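Take a look at the structure below.
The values are calculated or read from the model by the stated rules, or taken from the named source; none is laboratory data. All values reported here derive from a predicted model rather than from experimental measurement. Virtual Cβ from ideal backbone geometry, glycine too; neighbours counted across all protein chains shown.
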Amino acid sequence: MKVDLTNQVALVTGAARGIGRAIADQLATNGARVVYADLDFATAKTAAAAQAISGSALAMDVSSETQVEAGVAQIIQEQGRLDILVNNAGINTMKHRVNIDQFPLEEWQRILSVDLTGLFLVSRAASRHMVERKSGRIVNISSVLGVVPARLQCAFTTAKAGVVQLTRTMAIELAPSNILVNCVAPGSTLTEGTKQLFYSTEAIMQERAKRMLSHVPLNRPGTVEEIAHAVLFFAAPESSYITGQTLCVDGGWTAGGFLRDF
């Protein structure tokens with residue numbers, strides 16, 4: 001997929017690796033000047049450097065209002081504009097995979113501070129500039145678990161469902177300023193962090209991967225590039241009459257629900 005994003009400035013949060021880096025790379029490949037923002041500044045800087053003059057890096061903890069406000073202000077000062085925001089930064093927990101009656105409050109707060117409040121903070125800062133310019137695109141990254149429920153992840157599923165609803169709210173609030181707000185909800189996606197899960201030689205991991213992929217009609221995990229292309233679609237100039245939508249990139253997971261053989 002090729003679109004013309006020449007002269008546009010994009011901010012991608014959580015861009016140091018995985019889905020975030022793939023999104024940032026895709027926007028840069030299509031002509032945008034991309035700011036790779038991440039808590040891990042060193043890795044973000046390396047990722048941005050690979051894009052030569054198209055990429056720059058920014059240290060940003062999205063859960064910090066001070067860092068977010070300063071970071072967006074720096075982009076406006078250095079780049080003169082901000083056309084595209086991709087809210088990708090997010091976290092989950094593997095340590096606390098328990099029911100709600102056992103879920104620690106501090107873990108709940110930690111996850112929501114990044115996955116939902118962080119998205120709010122960055123969107124608020126960026127949209128102020130976009131409102132002034134009467135133009136902009138915001139793409140939020142949710143998850144299929146923001147659309148369908150899952151056990152043992154109450155904080156993550158709640159945060160990602162909030163992202164879907166916040167996308168709709170932002171879309172109707174910002175539409176009069178010609179700002180389009182949409183959402184991409186990835187399903188099981190192959191990253192450096194999940195390769196061990198999906199392609200391990202250990203029997204217990206292979207069985208777990210088999211159970212996970214039983215929900216996916218295409219019977220494979222997605223790639224980070226497939227998620228990035230969905231974001232590029234929403235960022236494209238041609239997608240000028242689409243706002244408030246959530247696109248599930250999930251191999252058919254949400255189309256079929258939790259598939260079972262009977």
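Would it be correct to say that I23 is touching a Pro at 6+ places or on another chain (Cβ under 9 Å), touching a residue at least 60 places away in the same chain (Cβ under 8 Å) and either of a type in the set (S, T, N, Q) or not in a loop (DSSP other than H, G, I, E, B) (or both)?
It is false that I23 is touching a Pro at 6+ places or on another chain (Cβ under 9 Å), touching a residue at least 60 places away in the same chain (Cβ under 8 Å) and either of a type in the set (S, T, N, Q) or not in a loop (DSSP other than H, G, I, E, B) (or both).
If you check R97 against the conditions, is it of a type in the set (K, R) and within 21 Å of the chain's Cα centre (by Cα)? I'd like the intermediate steps shown before the answer.
Details: of a type in the set (K, R): yes; within 21 Å of the chain's Cα centre (by Cα): no.
In short, no.
Could you tell me whether E107 is farther than 30 Å from R168 by Cβ, of a type in the set (D, E), part of a helix (DSSP H, G or I) and at pLDDT 95 or above?
For E107, the condition - farther than 30 Å from R168 by Cβ, of a type in the set (D, E), part of a helix (DSSP H, G or I) and at pLDDT 95 or above - is not met.
Only one of R137, R151 is in contact (Cβ under 8 Å) with a residue 24 or more places away in the chain, basic (K, R) and assigned to a loop (DSSP other than H, G, I, E, B); which?
Answer to the check: R151.
Among the listed residues A37, A59, which satisfies the condition of being free of Cβ contacts under 8 Å to residues at least 60 places away in the same chain, small (G, A, S), out of contact with any Cys (no Cβ under 6 Å at 6 or more places or on another chain) and surrounded by fewer than 23 Cβ atoms within 10 Å (Cβ to Cβ)?
A59
Could you say which residue among A161, A126 is in a helix (DSSP H, G or I), surrounded by fewer than 21 Cβ atoms within 10 Å (Cβ to Cβ), of a type in the set (A, V, I, L, M, F, W, C) and in contact with a helix residue (DSSP H, G or I) (Cβ under 7 Å, 6 or more places away or on another chain)?
A161
Identify all residues within region 1-20 that are in a helix (DSSP H, G or I) and buried (at least 23 other Cβ atoms within 10 Å of the Cβ); write none if there are none.
Correct list: I19, G20.
Yes/no per residue for (1) of a type outside the set (A, V, I, L, M, F, W, C); (2) farther than 23 Å from R33 by Cα:
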residue: G55; (1), (2): yes, no
residue: N88; (1), (2): yes, no
residue: N92; (1), (2): yes, yes
residue: Q109; (1), (2): yes, yes
residue: L112; (1), (2): no, yes
residue: V139; (1), (2): no, no
residue: V144; (1), (2): no, yes
residue: V148; (1), (2): no, yes
residue: L152; (1), (2): no, yes
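Output the residues belonging to region 207-243 that are modelled with pLDDT of 95 or more, assigned to a loop (DSSP other than H, G, I, E, B) and crowded, with 17+ Cβ neighbours inside 10 Å.
Correct list: A236, T243.
Might you let me know whether region 120-129 holds any residue that is at positive phi and in contact (Cβ under 8 Å) with a residue 40 or more places away in the chain?
no
Hey, can you tell me all the residues within region 204-215 that are free of Cβ contacts under 8 Å to residues at least 40 places away in the same chain and either among the hydrophobic types (A, V, I, L, M, F, W, C) or under 21 Å from I141 (Cα atoms) (or both)?
I204, M205, A209, M212, L213
In this structure, does V68 turn out to be assigned to a loop (DSSP other than H, G, I, E, B) and over 24 Å from T191 (Cα atoms)?
No; evaluated as a whole, the condition is false for this residue.
Here are F258, F156: which of them is modelled with pLDDT of 95 or more and either out of contact with any Pro (no Cβ under 8 Å at 6 or more places or on another chain) or buried (at least 18 other Cβ atoms within 10 Å of the Cβ) (or both)? Don't jump to the end; show me each part of the working.
Working: F258 fails: modelled with pLDDT of 95 or more.
One residue alone meets the criteria, F156.
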